Amino acid sequence: MIQNLSTLLVYVHDMPRCITFYRDTLGLRLKMQSPEWSEFELGKDLALGLHIAGADSAPPSPGWLPTFRVADVKAAVARVRGAGSAVVMGFHDIPGGVVIDVTDPDGNTLSLEQTGVSCADLGVASA
């Protein structure tokens, strides 16, 4: 049976641009990279894998939405916007915190979450 989650895989078309986003914008540690597969450390025995999508095909529709916990969600969103990525769902309260959905350079949606705060604490409207 399942022992643990080992890899969260994201299909991308532009490997160099996505590596830059996940490494430089989100601050993940790059473990290895190649034209077809690159991997970031997410924690003990957990990795984010970027897999190149076929040149003539779109990545599969996401059935999973990765959520990255951040210390300052407003600062993280500013960095993401500065990298040219879009906000697809604005700040909204969740049990125990605030989350916002953004895209990576290939248009894959991911969430950024800060715990212990509310939209009111951050001075933002809840979507």
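Only the coordinates and a few stated rules stand behind these numbers; no lab work does. This is a predicted model, so every value here is computed, not measured. Because the Cβ atoms are built from the backbone with ideal geometry, glycine has one as well, and the counts that use them run over all protein chains shown.
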The chain: calculated mean residue ellipticity at 222 nm from DSSP helix runs of at least 4, using -39500 (n - 2.57): -4000 deg cm²/dmol
The ³J(HN,Hα) series, computed from each phi in segment 116-121 with the Karplus coefficients 6.51, -1.76 and 1.60 at θ = phi - 60°, rounded to the nearest Hz and given as x for glycine or proline, is x, 9, 10, 4, 4, 4
Sum up the charges of everything whose Cβ sits under 10 Å from the Cβ of T7, counting Lys and Arg as +1 and Asp and Glu as -1, but leave T7 out. -2
Mind sorting E39, E113 by how few other Cβ atoms lie within 10 Å of their own Cβ, fewest first? E113, E39
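Suppose a student asked you for the relative contact order of the chain, using Cα pairs under 8 Å spaced at least 6 residues apart; what percent would you report?
Here the relative contact order equals 22 percent.
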With axes computed from alpha carbons, what is the tilt in degrees of helix 73-82 against the longest principal axis of the chain, rounded to the nearest 10 within 0 to 90? 50
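For the chain, give me the percentage of DSSP beta bridges that are antiparallel, rounded to the nearest 5 percent.
Percent antiparallel among DSSP bridges in the chain is about 70.
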For I19, I100, what's the fewest-to-most ordering of other Cβ within 10 Å of each Cβ? I19, I100
What net charge do the residues around K74 carry, taking every other residue with its C-beta under 13 Å from that of K74, with Lys and Arg at +1 and Asp and Glu at -1? -1
Cα atoms only, the chain: Rg and Dmax in Å? 15.0, 45
